[in-house]
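Heads up: the structure comes next, in C-alpha cells.
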Amino acid sequence: MDTAATIIQVLLALVFFAAGGSKLAGAQMQIANFQRYGYPQGFRLVTGAVEVVGAVGMFAGLFIEEIAIAAAVWLGITMVGAAYTDARHSSPAMVAAPLVLLALNVAVIVLRVA
C-alpha cells in the first residue's frame, strides 16, 4: 500500500506543479479559461498558488504522512471546485479530469490513513 500511495503522490505532485505553474506563469490557455469561466485573473493566480503549494505538500508528504493527508485534502477540495466550474462552463467530458484527480487524492488519504 505504501508503494501505491507513493506513486500516486508523485504523480499528483507533478500534475499539480505543472497545472499551478502554468496558471502562475500566465499561460495563454489558462488566461482564456479563467476569462471563459467569468473568474478574475487574480483568482487564476490564487488557484495556481494553491496547486503549487499542494504539489509541494505531496512531495513533503513522502517523508511525513500527515502532510500528504493534508495536501490531499487541500487539493481534493480544489478539485471539487474545478469539477463544479467545468460542469457549469465546459463540455460534460471536461468534468472527468478533476474527478479523476479528486479520486486520486481520496486514494492518498485512504492509503496514508490505513
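Where a number appears in this text, it was derived from the coordinates with a stated rule and is not lab data. Bear in mind the structure is a predicted one, so any value in this text is a computation, not a measurement. Every residue, glycine as well, gets a Cβ built from its backbone with ideal geometry; the counts of neighbours run over all protein chains shown.
The table below lists the values:
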item: Residue within the range 13-32 that is without any contact (Cβ under 8 Å) to a residue 60 or more places away in the chain, within 18 Å of Ala103 (Cα to Cα), aliphatic (A, V, I, L, M) and surrounded by fewer than 18 Cβ atoms within 10 Å (Cβ to Cβ) present; result: yes
item: Helices (runs of 4 or more DSSP H) contained entirely in the range 20-96, each with at least 1 residues that are under 20 Å from Val106 (Cα atoms); result: 41-60, 65-89
item: Qualifying position, being loosely packed, with under 15 Cβ neighbours inside 10 Å, more than 22 Å from Gln30 (Cβ to Cβ) and not aliphatic (A, V, I, L, M), among Phe63, Phe43; result: Phe63
item: Residues of the range 71-89 satisfying the condition of being crowded, with 17+ Cβ neighbours inside 10 Å and not aromatic (Phe, Trp, Tyr); result: Ala71, Ala72, Leu75, Gly76, Thr78, Met79, Ala82, Ala83, Thr85, Asp86
